[in-house]
1. Tell me what the chain gives for mean residue ellipticity at 222 nm when only DSSP H runs of n ≥ 4 count, each as -39,500 (n - 2.57), the sum divided by the residue total, rounded to 500 deg cm²/dmol.
2. Taking +1 at the Cβ of each Lys and Arg and -1 at the Cβ of each Asp and Glu, which of THR34, TRP62, TYR48 sits farthest along the dipole of segment 7-67 towards its positive end, judged by Cα position relative to the Cα centre?
3. Loop sites only, by DSSP: take the GluC sites (Glu not before Pro) in the chain that have at most 12 other C-beta atoms within 10 Å and name the longest stretch containing none of them.
4. Per Stokes-Einstein, at 20 °C and 1.002 mPa s, what whole-number D in µm² s⁻¹ belongs to segment 48-105, with the Kirkwood radius over Cα pairs as the hydrodynamic radius?
5. Please report, in whole Å, how far the alpha carbons of segment 115-155 spread along each principal axis, starting with the longest.
6. With a 10 Å cut-off between alpha carbons and a GNM built on the chain, which of LEU12, LEU126, LEU94 moves the most?
7. If I build a Gaussian network model for the chain, linking alpha-carbon pairs within less than 10 angstrom, which residue out of TYR153, TYR38, TYR17 has the largest mean-square fluctuation?
8. How big is the charge dipole of the chain about its Cα centre, in debye rounded to the nearest 20, if each Lys and Arg gets +1 on its Cβ and each Asp and Glu gets -1 on its Cβ?
Amino acid sequence: YGAQTPASWEALAAQRYMSTYGVSSEDLGRVSVTQRAYAARNPQAWFYQRPITLEDHQNSKWIVEPLLRLLDCCQESDGGVALVVTSLERARDLRQQPVRIVGVAESLPANGEIIANYYHDDLSRLNEAYRCAEKLYRDTGLSAADIQVAALYDAFTSQVLRRLEAFGFCAEGEASDFVRDGHIGPSGRLPVNTHGGLIGEAYIHG
């Protein structure tokens, strides 16, 4: 009742996660600052050449107080996207170096919805992300230690923290420290959303 926007839906789970692990608004802000720094270097990004500081984040207006500020939320963008998938044999003849797809997974738990996942037993955990990670690692033989860069869903900054943990890039409750220590930045252990993400580049539905 009263949860009528995606930000309010996310805030319900973010509140549990943040209170469980002592995550602050500044911790969320560091995600936003990093992704906007990437976007500032991407000529295709809406926020090209427009980085922000942590102070900018903290001064942005509340969308759902005391959890999500304006700069914790993705933008809504008009545009189009195409992804071309072909055989590796054909891709080898193309101009650009191909990227090989080695695994695909999707998880839609029975006790959740696409975004309003507040029916889980533990809202501090992003159950569907844990299940995707488990299947991907099992099917591919890879582990979190093998991943060199990640593109993580970031409609809200809190989503990034919970996904870092779900995919095993850090332990539960340690994502804010992982970000604070610079691990998702350009020279970090795991650069995340190097195009700027939904927060910095664009959010094109569909």
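1. Working: 8 runs with 76 residues, N = 206.
Helix contribution divided over all residues of the chain: -10500 deg cm²/dmol.
2. Working it through, the farthest residue towards the positive pole turns out to be TYR48.
3. Numbers: sites that count: GLU76, GLU106, GLU113.
The answer is 114-206.
4. Details: Rh = 16.0 Å.
Taking Rh from Cα pairs, D becomes 134 µm²/s.
5. 32, 21, 13
6. Looking only at LEU12, LEU126, LEU94, the biggest GNM fluctuation is shown by LEU94.
7. Between TYR153, TYR38, TYR17, it is TYR153 that shows the largest mean-square fluctuation.
8. Values: 19 positive and 26 negative charges, 118 e Å.
Roughly 560 debye, rounded to the nearest 20.
Values quoted throughout were computed directly from the atomic coordinates according to the rules given, and no laboratory measurement underlies them. Quick caveat, the model's predicted, so the values are computed rather than measured. Quick reminder, even Gly has a Cβ in these numbers, built from the backbone with ideal geometry, and neighbours come from all protein chains shown.
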